[in-house]
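Colleague: One structure follows; several queries about it will come next.
The values are calculated or read from the model by the stated rules, or taken from the named source; none is laboratory data. Since the model is a prediction, treat every value here as computed from it, not as a measurement. In this analysis, Cβ positions are derived from the backbone assuming ideal geometry, glycine residues included, and neighbour counts consider all displayed protein chains.
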Amino acid sequence: MYKIRHCPLSCSVDLKLVLENMDDFKNIKPATFEEIINISHIKEYQKDSILYYENDIVDNVHYLFHGLVKVYKINKFDNEVIVNLLHNYCANESNPPLIDYHTFLSNNSFFNILCLENCKILSINVESFKEIIKSDPALSLNMLNRANKIIEEQEYIININMIYDTKSKLASLLNKNYDVFNMLSKKVVSQMLNISQETLSRSIKKLKDENIIGFDNNKKIIIVDEQKLRSIL
């Protein structure tokens, strides 16, 4: 059975130690590391805070140290289109996700970024960071690897929305982001999967009837049969 991991927002974060353990900053020059430390800072955001809106000028790239953020756009019908959900339970025990890779390409935000729970976020000045990347081949390679991982994540999201049927969409989300699933409202999950809330409820019931998932005492979904769940994909 999967277990949800939590870390209090108040947990102590040693910025230097966290950066040393992040894949993006492995094997870089000591001088490069110090330059990055000097242009970085950590800030806490309350639940429902907007990091920024689409088309805002953004001066920093952001890494999610703790919390859950929604990356979304508003379509011409004024409906939210969820581009991604990013979660990190503790920067001390994980490799923090990069929230806004697009900032390397443009100072105008491509998306809206909303904190779905209290968040702790690292900000690095983007213009200075880009110059530092140019000066250190190891850092350049690390950031290229990060870009490849982001592309893989976007391919996964495209598969969910354009290729998978409803049952496969739900199974994929549970398999990949089980801990996040139980944090979200049905409205947000249905938006992410591009299905109605009624269809989502029916799909959850079907997986339960097949003894693939169940519910704990707090009515949170638990995985009963991991092998069956993965066989749907």
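Colleague: Which condition breaks for Ser168 when tested against (1) in the same structural domain as Tyr45 (by TED's automatic domain parsing); (2) touching a residue at least 24 places away in the same chain (Cβ under 8 Å); (3) more than 17 Å from the chain's Cα centre (by Cα)?
Modeller: With respect to (1) in the same structural domain as Tyr45 (by TED's automatic domain parsing); (2) touching a residue at least 24 places away in the same chain (Cβ under 8 Å); (3) more than 17 Å from the chain's Cα centre (by Cα), Ser168 is out only on (1).
Colleague: For the stretch 140-153, give me the residue count where each residue is farther than 13 Å from Leu98 by Cα and surrounded by 13 or more Cβ atoms within 10 Å (Cβ to Cβ).
Modeller: Summing the residues that are farther than 13 Å from Leu98 by Cα and surrounded by 13 or more Cβ atoms within 10 Å (Cβ to Cβ) in the stretch 140-153 gives 2.
Colleague: May I ask you to list the residues in the stretch 61-101 that are within 19 Å of Asp23 (Cα to Cα) and outside any strand (DSSP E or B)?
Modeller: Tyr89, Cys90, Ala91, Asn92, Glu93, Ser94, Asn95, Pro96, Pro97, Ile99, Asp100, Tyr101
Colleague: Additional query: How do the pairs read when you match residues in the stretch 206-221 that are not assigned by TED's automatic domain parsing to the domain that holds Ser185 and at pLDDT 90 or above with residues anywhere that are surrounded by 12 or more Cβ atoms within 10 Å (Cβ to Cβ) and in a strand (DSSP E or B), using Cβ under 7 Å and keeping only pairs 6 or more apart or on different chains?
Modeller: As it stands, the answer is none, since no pair meets every condition given.
Colleague: Within the stretch 46-66, can you find the residues that are more than 22 Å from Met143 (Cα to Cα) and surrounded by 21 or more Cβ atoms within 10 Å (Cβ to Cβ)?
Modeller: Matches in the stretch 46-66: Leu51 only.
Colleague: Just checking, which of Ile212, Ile160, Ile195, Ile113 is crowded, with 16+ Cβ neighbours inside 10 Å and more than 30 Å from Lys228 (Cα to Cα)?
Modeller: Ile113
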